[in-house]
1. Work out, step by step, the length gained on full extension between ILE163 and ASN107: first 0.36 nm times the residue separation, then minus their alpha carbon distance; give nm to one decimal.
2. How high is the FRET efficiency between ALA3 and MET58 when r is their beta carbon distance and R₀ equals 22 Å, given to the nearest 0.05?
3. What residues from segment 18-45 fall in the zone where the backbone N is under 17 Å from a label point 7 Å along the Cα-to-C-beta line of ALA12?
4. In which sequence would HIS15, HIS98 go, from the one with the fewest C-beta neighbours within 10 Å to the one with the most?
5. What is the gain in length, in nm to one decimal, between THR120 and VAL174 on full extension, counting 0.36 nm per residue of separation less the C-alpha to C-alpha distance?
6. What does the extension gain come out to for GLN143 and THR44, with contour length at 0.36 nm per residue minus their alpha carbon separation?
7. In whole angstrom, note down how far apart the Cα centers of segment 116-159 and segment 1-64 are.
8. What does the charge add up to near GLY155, with Lys and Arg as +1, Asp and Glu as -1, over the other residues with Cβ less than 13 Å from its Cβ?
Amino acid sequence: MGATVVWTQKGARVHTVTATGENKGAFDSGNVPPGGSFRQTFLTPGSFNYICLNHSSMSGVVTVNAPTPTPTPVTPTPTPSPTPTPGAPSAAVLPQAHVDITNFAFNPRIVTLAAGGTVTWTQFDTTRHTVTGVEWGSSPLTQGQKYTLTFLRPGKFLYACTIHSFMNGEVNVVATATPSPTP
Ligand SMILES: [Cu+2]
């Protein structure tokens, strides 16, 4: 791209270098007499077909390649860690949560609580259900029974009813910043 092509007329007759095809009008030498020359600088990539207007059997093509893009070095930007605000209350993180087991579903299906908090499930259905996690769980609960569990470790705890596998829920336990004692 940006290169110049020079046509030198060595024939005995008058010829032209005239763009045709999709780039018709891009350049036209006009009549180049014997011994003359025509130069054309190509600034845009593409395929430039040309002919001699005086002799339709004479044609050529100039192919202009796009420059190879120089790869930009990628500098990975570290994701800034959020700075904990001291003393700020943890929004919407409850020390305890309640889940109703009703109509073959855990309601709410997802609860979020602070580490060290407890979740209490209350069984309202006449059919028995369990609250079963990976390494924890209740026995089959009859109507009116409750099951309470304290979650000490932060994390996402999935659970289901072992009797009805389509019944499932999630306990999200989030770590809480220990407030620094005020002197
Ligand atoms: Cu069940």
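1. On the way: separation 56, 0.36 × 56 = 20.16 nm, distance 1.72 nm.
Net length gain for the segment: 18.4 nm.
2. On the way: r = 22 Å, r/R0 = 1.00.
Efficiency, rounded to the nearest 0.05: 0.50.
3. 33-36
4. Working: HIS15 22, HIS98 15.
In increasing order of surrounding Cβ atoms, one gets HIS98, HIS15.
5. On the way: separation 54, 0.36 × 54 = 19.44 nm, distance 1.71 nm.
Additional length available on full extension: 17.7 nm.
6. 27.7 nm
7. 84
8. Working: positive: ARG153, LYS156; negative: GLU135, GLU170.
Result for the neighbourhood of GLY155: 0.
Values quoted throughout were computed directly from the atomic coordinates according to the rules given, and no laboratory measurement underlies them. None of these values were measured; they are calculated from a predicted model. Every residue, glycine among them, receives a Cβ derived from its backbone with ideal geometry; neighbour counts consider all protein chains shown.
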